[in-house]
Ligand code: FES
């Protein structure tokens, strides 16, 4: 599959996750304070919670339910109770378009 348009760069607010679905794959798109754009699976690995409803701090995304923080770079949980990583995706920027192939999980 080729990369699909997830959203516009101009739609993203700093540190405010945007939930999108690409070909049935839910993910949270995050523009962090450094201006970097990340795509991380939307489902917390601890429970059935949308990570797009969580809180961004630096390059991490915190699940609001029980406080596990996930690295936006690797998807790895940085604290319990979650212990399984969330997939992260390669993001390409083309003009104002945020492009992601939902079938390709970033190797970290
Ligand atoms: S559901 Fe996310 S930390 Fe518990």
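Every number here is computed from the coordinates shown, using simple stated rules; none is lab data. For clarity, every value in this text was computed on a predicted model and none was experimentally measured. Here the Cβ positions follow ideal geometry from the backbone for every residue, glycine too, while neighbour counts run over all protein chains shown.
Separation between the residue 10 and residue 26 pseudo-spin-labels, each 7 Å from Cα along Cα→Cβ, expressed in nm?
2.9
Using a Gaussian network model of the chain whose springs link C-alpha atoms within less than 10 Å, name the residue from 15, 59, 96 with the highest mean-square fluctuation.
Judging by the Gaussian network model, the answer is 96.
If you restrict to DSSP beta bridges whose two residues both lie in the chain, what percentage is antiparallel, to the nearest 5?
Working: 30 of 31 bridges.
Once the DSSP bridges in the chain are tallied, antiparallel ones form about 95 percent.
Looking only at 53, 21, 62, which one moves most when the chain is put into a Gaussian network model with springs between Cα atoms under 10 Å?
21
Quick one: among 39, 65, 52, which has the greatest mean-square fluctuation in a GNM of the chain with alpha-carbon springs under 10 angstrom?
Of the options given, 65 has the highest mean-square fluctuation.
If the chain between residue 19 and residue 53 were fully stretched, how many nm would it gain, using 0.36 nm times the residue separation less the Cα-Cα distance? Mind showing how you got there, number by number?
Values: separation 34, 0.36 × 34 = 12.24 nm, distance 0.84 nm.
Net length gain for the segment: 11.4 nm.
Given contacts defined as C-alpha pairs under 8 Å and at least six residues apart, what's the relative contact order of the chain, whole-number percent?
Values: 250 pairs, mean separation 27.8, N = 108.
That works out to 26 percent.
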